[in-house]
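The structure appears right after this line, and notes come after that.
The values are calculated or read from the model by the stated rules, or taken from the named source; none is laboratory data. Computed from a prediction, not measured in an experiment: that's the story for all the values here. Ideal geometry is used to build each Cβ from the backbone, glycine not excepted, and the neighbour counts take in all protein chains shown. With ligands, DNA and RNA removed, areas are computed over all heavy atoms of the protein, side chains included. Shrake-Rupley method; radii C 1.70, N 1.55, O 1.52, S 1.80 Å.
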Amino acid sequence: MFRNFKTVLNMVFGRGSFNQLDDILQKKRNNTFMVFLVDDVFKESELKKRIPLMDKDYLIWVNVSDEPKTKYVDSLTKQIKDYSKLLPDGVIGIGGGSTMDLAKAVSIMLTNSGSAADYQGWDLVKNPAVYHVGIPTLAGTGSEVSRTTVLTGPTKKLGINSDYTVFDQIVLDPELIKGAPKDQRFYTGMDCYIHCIESLKGTFLNAFSKGYAEKAMDLCLSVFLDNTPDNDDNLMIASYFGGMSIAYSQVGVAHALSYGLSFVLGVHHGIGNCIAFDYLEDYYKESVYEFRRMMDKQNVTIPRNIMSNITNEQLETMINVSLVLKPVWENALGPNWEKIMTREKIRDLYLRM
Ligand code: NAD
Ligand code: ZN
């Protein structure tokens with residue numbers, strides 16, 4: 001069976017396109033209110049003044065010091081239901097991948113009962129989500145285009161993967177990423193680079209994914225090796241293309257390991273990918289060298305010896321979380337991946353980090 005996947009319905013791209021948000025939302029306003037979930041890093045920023053808030057709208061500053069948890073999604077959903085008995089006309093997420101994922105998850109949970117944890121997995125969502133808009137302020141995760149919202153739940157880190165997860169509208173304004181700290185920009189940018197490599201080196205590769213991944217990879221190399229004036233535009237498009245590439249393929253070894261790091265040690269996705277990728281010469285040789293060249297050029301370092309205080313129990317949990325991602329391993333290593341990637345091999349890779 002070929003995957004019949006949903007894509008974002010509407011998008012605008014361009015410097016200053018954030019100013020069009022008001023017009024875009026006007027057409028969706030239907031007598032209730034809009035919910036804006038905005039990264040609290042912008043609390044004191046110019047951007048705050050540009051959010052097109054109307055009387056009844058509800059602005060919630062979200063904190064993403066920890067990556068999104070199902071519990072946080074549940075509490076935000078409750079907060080909105082307490083604010084009004086009516087469903088909002090829309091949910092708008094403004095921030096990096098974490099904030100966009102919160103917006104996706106909340107828009108689903110407003111129309112589906114129970115906890116967000118009940119929907120971690122593939123195609124478990126029953127009812128369509130509230131209209132939702134994604135506006136990235138960091139580029140690389142591809143969350144703006146993907147059909148998942150990655151959440152840490154009580155027992156696993158796993159996305160809510162569904163057609164209803166996909167944004168109805170995205171606004172890609174490269175001006176919004178220009179103020180991001182250099183290291184964060186690199187880690188998130190490398191998420192995109194690694195999406196491309198894992199897609200290109202994976203067994204699920206096809207012409208669709210290859211076309212997007214090759215272009216996105218070139219854009220990443222140009223952004224992080226040459227400093228051209230249109231770097232922000234290029235990185236934003238790379239993120240979108242990288243996301244499109246994995247939409248029709250899968251991620252690979254670095255992502256599978258990074259999920260375990262995140263679940264047990266709270267390591268953020270972009271950094272976790274970088275930490276893992278640096279030890280994957282056996283799988284992605286030349287690309288690991290390229291990655292190191294970009295890191296040197298950007299004068300960025302990655303944390304080392306993060307396993308120094310790890311307990312055996314934590315290590316076992318890490319391995320379990322990583323092994324949940326069966327499609328990821330299958331993409332990386334083929335249908336016999338379980339014979340290749342044993343628990344011992346994963347343990348060995350983790351212990352080197
Ligand atoms: P993030 O959203 O976690 O943000 C990282 C930090 O950067 C935060 O402190 C945030 O406040 C800050 N920040 C964001 N924009 C900024 C700006 N313009 N200026 C200054 N600071 C800014 O980072 P991310 O790397 O974009 O997202 C990682 C998250 O995305 C993880 O939770 C990961 O699981 C998720 N993810 C989702 C998908 C998907 O398809 N849904 C794919 C990959 C990753
Ligand atoms: Zn990723």
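Tallying residues that are more than 16 Å from ligand 2 (Cβ to nearest atom) and open to solvent by less than 10 Å² (accessible area, probe 1.4 Å) within region 100-113 yields 8. Of the residues Tyr259, Tyr279, Tyr248, the single one that is of a type in the set (Phe, Trp, Tyr), over 15 Å from the mean Cα position of the chain (by Cα) and under 24 Å from Glu67 (Cα atoms) is Tyr279. Per the listing Glu313, Glu290, the residue uniquely over 18 Å from Gly270 (Cβ atoms) and either assigned to a helix (DSSP H, G or I) or open to solvent by 40 Å² or more (accessible area, probe 1.4 Å) (or both) is Glu313. The residue list Ile246, Ile237, Ile271 contains one member that is under 17 Å from Met100 (Cα atoms), open to solvent by 20 Å² or more (accessible area, probe 1.4 Å), out of contact with any Cys (no Cβ under 6 Å at 6 or more places or on another chain) and among the hydrophobic types (A, V, I, L, M, F, W, C), which is Ile237.
Suppose we keep only residues that are open to solvent by 40 Å² or more (accessible area, probe 1.4 Å) and over 18 Å from Pro327 (Cβ atoms) within region 274-287. Which one would you say is nearest to ligand 2 (Cβ to nearest atom)?
So, considering only residues that are open to solvent by 40 Å² or more (accessible area, probe 1.4 Å) and over 18 Å from Pro327 (Cβ atoms), the one nearest to ligand 2 (Cβ to nearest atom) is Tyr279.
Residues that are of a type in the set (Val, Ile, Thr) and away from ligand 2 (no atom under 16 Å from the Cβ) were ranked within region 85-99; the one that is surrounded by the most Cβ atoms within 10 Å (Cβ to Cβ) is Val91.
Selection within region 191-230: residues that are among the hydroxyl-bearing types (Ser, Thr, Tyr) and surrounded by 19 or more Cβ atoms within 10 Å (Cβ to Cβ). The member of this set that is nearest to Asp296 (Cα to Cα) is Tyr193.
Could you list, in sequence order, the residues of region 12-52 that are without any contact (Cβ under 8 Å) to a residue 60 or more places away in the chain, more than 16 Å from ligand 1 (Cβ to nearest atom) and in contact with a strand residue (DSSP E or B) (Cβ under 8 Å, 6 or more places away or on another chain)? Matches in region 12-52: Phe33, Met34. Looking only at residues in region 159-188 that are in a loop (DSSP other than H, G, I, E, B) and in contact with a His (Cβ under 8 Å, 6 or more places away or on another chain), which one is least open to solvent (accessible area, probe 1.4 Å)? Top of the filtered list is Phe167. Do we have any residue at all in region 62-71 that's in contact with a Ser or Thr (Cβ under 7 Å, 6 or more places away or on another chain), modelled with pLDDT of 95 or more and away from ligand 1 (no atom under 11 Å from the Cβ)? Checked region 62-71: at least one residue is in contact with a Ser or Thr (Cβ under 7 Å, 6 or more places away or on another chain), modelled with pLDDT of 95 or more and away from ligand 1 (no atom under 11 Å from the Cβ). Only a single item in (1) surrounded by fewer than 17 Cβ atoms within 10 Å (Cβ to Cβ); (2) within 14 Å of ligand 2 (Cβ to nearest atom) is not met by Pro154, and it is number (2).
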